[in-house]
Number of protein chains: 2
Amino acid sequence: MANPFPIPLNALRAIEIVARRGALAPAAEELGVTIGAVSQHLRRAEDRLGMELFARTPQGIKPLPALVQVLPQLTGGFTQLQDGLASLTGAHEGVLNVTVGSVFASRWLIWRVNKFSALYPGLEVRLTVTGAMLDLSRPDIDCGVRYGDGTWPGVDVSLIGGQDYQPVCSPLIRDRVKSPADLAHVPVIADQTSMLDWPAWLTKAGLDPALPLNGPVYSDASLAFDAAISGQGILLAADMMTADAVSDGRLIRPFDLPVRGKRGYFLATAKGRREPKKLGFFRDWLAAEVPASVLGYVHQNVPNTATLAPFSK
Amino acid sequence: MANPFPIPLNALRAIEIVARRGALAPAAEELGVTIGAVSQHLRRAEDRLGMELFARTPQGIKPLPALVQVLPQLTGGFTQLQDGLASLTGAHEGVLNVTVGSVFASRWLIWRVNKFSALYPGLEVRLTVTGAMLDLSRPDIDCGVRYGDGTWPGVDVSLIGGQDYQPVCSPLIRDRVKSPADLAHVPVIADQTSMLDWPAWLTKAGLDPALPLNGPVYSDASLAFDAAISGQGILLAADMMTADAVSDGRLIRPFDLPVRGKRGYFLATAKGRREPKKLGFFRDWLAAEVPASVLGYVHQNVPNTATLAPFSK
DNA sequence: CACACCGATATAGAAAATCTATATGGCAAA
DNA sequence: TTTGCCATATAGATTTTCTATATCGGTGTG
């Protein structure tokens, strides 16, 4: 089968633009090249086709009748390609689909994602809030932000923060928790979904890691959080997730004794996938926003000379 | 204004073909490049756009939904470009418009152009037969074959033949023209449109260049020719134009004494114009056919070991 | 379990295409 | 006659595209 394009597509585009615009200069501007480059495209195409496409007159270059006749087809063709490509890139660039846990969403992201949207208008973040991480290889999911040790199969991860954790409680029960030993006498809120390690913290605090801890039990992390804020007991929580409530006084860190765990919050993506630009924007934004939020939102808007925390992939 | 094509048109074409054909191998075949080249087009495009367009699966490469959605537009776009370009080149390549004189047409070209058409099926020769040469810069005229000294303004020429000329007449009056001096006693046919030079021939024949020549006068060259064939007198004509009639006996060259003039038949084209391929085919054909026709059509189909006459531009 | 095959990918370097910079030509207007 | 505009031609630099080749991952078969 003969080659349907005996001249380069770039040359055909130059021809279409010159024919439509009527001169080399506006065509060069539209193409983003010099007038000489456009002129060469035309000449090489004419030589390759073995025919002239334009008349060179004292008044300038004019498309010959045969070209005028097919110009609507050429213009239509390029317009369709342009529109198709715009639809393709627009549809994709417009929405970032993220799967997150409820705590990360309700205690951190929801309060900050407006800043991301302000930075990237036209890019909408859509959260899918689930207990377990969704299958990241789904084409309609771009990434996840999840808590764990980051060893999920088929997933690439980069740690964004949230490794430190410690007990928090409402100021209402401040007098009842003056020392770690008091944990034996006050309610300790249990979140069944939590992966945080009480024994590790107790060890760090110099207590028996098997110290019995009693209190209300919740199957939903957000409810456990609300219980702590309302004064129902002590909750072990990631510093990153409690920073906002601590900064505005809804919670206090009674012992001020954080422990660094092996787990943390990770930005997770499907292994082997190319990274869309919009995901890169989100990654970069997280890399800046997480360190900046360490002291909670009350302190976040003041000038901060601290360097960004190392952000590893 | 943003670049409407953030990826090369070649890459977009590769994407469209792969999405439509379903694999790299058939796409590479359609594009006339290697599988590696197609793969690179896809990858570079995805990186440039910041998004994936295809899913790589064990069953092979599959377009993602967003690409599937715009594929009709892309396919439509390339089809329009292809069809437009085919129309452009087809419309042009299909017809060769030539302006010629009536003698050249009726005594030479008409009898031979079938050979050209046989060589180039799909390429139709259209003759515009006029007394004077048409304006060759007209876009609907490709070239002319005209008799003259080749110094027309705004015209490029290449000599094709017809410089030699001499008297011819019907065999019916053979007995009346045994020597050049007999010209004073027989009718000499005058063609008012002719540029041939009786005085030059008479000088070559050893006669007074001012020898009075009398006979019927025609304003149309074809009629003058017919008068000669019907025995009405002697006609001075270009050998090239009489060769066929001489070869089949309708005419004789009573003195067999040709003279070489400054004029001849020229292939003429508008100065400064690029030469279409179809015109090049015609030029090449003339370069072979004119020398081959020197002895007239009766002798032309026998094997001829004569080398082609030099064909100058 | 090992091997062969298929389809795709990555890379280095060659080849081709495209571009810029510059000089030049032709024409019209001042 | 000079100047400005539009287009052209050319050399060489730059970028793009291609080929050749090695490799990878998955599947099917012996």
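The values are calculated or read from the model by the stated rules, or taken from the named source; none is laboratory data. In this text the structure is predicted, and so the values were computed from the model without any measurement. Because the Cβ atoms are built from the backbone with ideal geometry, glycine has one as well, and the counts that use them run over all protein chains shown.
Consider B:PRO6 carefully, then state whether it is in contact (Cβ under 8 Å) with a residue 12 or more places away in the chain and within 16 Å of DNA strand D (Cβ to nearest atom). Yes. Checking each residue in segment B:85-137 for being β-branched (Val, Ile, Thr), crowded, with 17+ Cβ neighbours inside 10 Å and more than 16 Å from the chain's Cα centre (by Cα) picks out B:THR89, B:VAL103. Checked against (1) more than 30 Å from B:MET195 (Cα to Cα); (2) more than 10 Å from chain A (Cβ to nearest Cβ), B:GLY50 passes all but a single condition, namely (2).
On the stretch given as segment B:282-313, residues that are at pLDDT 90 or above, assigned to a helix (DSSP H, G or I) and either buried (at least 16 other Cβ atoms within 10 Å of the Cβ) or over 19 Å from the mean Cα position of the chain (by Cα) (or both) total 9. Given the structure, is B:LEU85 farther than 16 Å from A:GLY84 by Cα, within 15 Å of DNA strand D (Cβ to nearest atom) and at pLDDT 90 or above? It is false that B:LEU85 is farther than 16 Å from A:GLY84 by Cα, within 15 Å of DNA strand D (Cβ to nearest atom) and at pLDDT 90 or above.
In this structure, B:ASP135 does not satisfy being at negative phi, charged (D, E, K, R) and in a helix (DSSP H, G or I). Being in contact with a Gly (Cβ under 6 Å, 6 or more places away or on another chain) and either assigned to a loop (DSSP other than H, G, I, E, B) or under 27 Å from A:PHE281 (Cβ atoms) (or both) is a property that A:LEU81 has. Residue check: is B:PRO26 touching a helix residue (DSSP H, G or I) at 6+ places or on another chain (Cβ under 9 Å) and facing chain A (nearest Cβ under 9 Å)? Considered against the rule, which asks whether it is touching a helix residue (DSSP H, G or I) at 6+ places or on another chain (Cβ under 9 Å) and facing chain A (nearest Cβ under 9 Å), B:PRO26 comes out as no.
Filtering segment A:33-46 to residues that are in a helix (DSSP H, G or I) and away from DNA strand D (no atom under 11 Å from the Cβ) leaves only A:ALA45. Residue count for segment B:180-207 under the criterion of being closer than 21 Å to B:LYS262 by Cα, part of a loop (DSSP other than H, G, I, E, B) and modelled with pLDDT of 90 or more: the result is 3.
Looking at segment A:49-60, is at least one residue touching a helix residue (DSSP H, G or I) at 6+ places or on another chain (Cβ under 9 Å), assigned to a helix (DSSP H, G or I) and either within 11 Å of DNA strand D (Cβ to nearest atom) or modelled with pLDDT under 90 (or both)? Yes, segment A:49-60 has at least one match. Checked against (1) more than 12 Å from DNA strand D (Cβ to nearest atom); (2) assigned to a helix (DSSP H, G or I); (3) over 47 Å from the mean Cα position of the chain (by Cα), A:GLU30 passes all but condition (3). Scan segment B:58-111 for residues that are among the hydroxyl-bearing types (Ser, Thr, Tyr) and within 7 Å of chain A (Cβ to nearest Cβ) and report the count. Summing the residues that are among the hydroxyl-bearing types (Ser, Thr, Tyr) and within 7 Å of chain A (Cβ to nearest Cβ) in segment B:58-111 gives 2. I want to confirm something. Restricting to segment A:19-36 and keeping residues that are out of contact with any Leu (no Cβ under 6 Å at 6 or more places or on another chain) and in contact (Cβ under 8 Å) with a residue 40 or more places away in the chain, which single residue is nearest to B:ALA28 (Cα to Cα)? Filtering first and then ranking leaves A:ARG20.
With respect to A:ILE35, is the statement that it is buried (at least 18 other Cβ atoms within 10 Å of the Cβ) and within 16 Å of DNA strand C (Cβ to nearest atom) true?
Working: buried (at least 18 other Cβ atoms within 10 Å of the Cβ): no; within 16 Å of DNA strand C (Cβ to nearest atom): yes.
So A:ILE35 does not fit the description; no.
Only residues that are more than 11 Å from DNA strand C (Cβ to nearest atom), within 12 Å of another protein chain (Cβ to nearest Cβ) and either of a type in the set (D, E, K, R) or not in a loop (DSSP other than H, G, I, E, B) (or both) were counted across segment A:1-23, and they come to 4.
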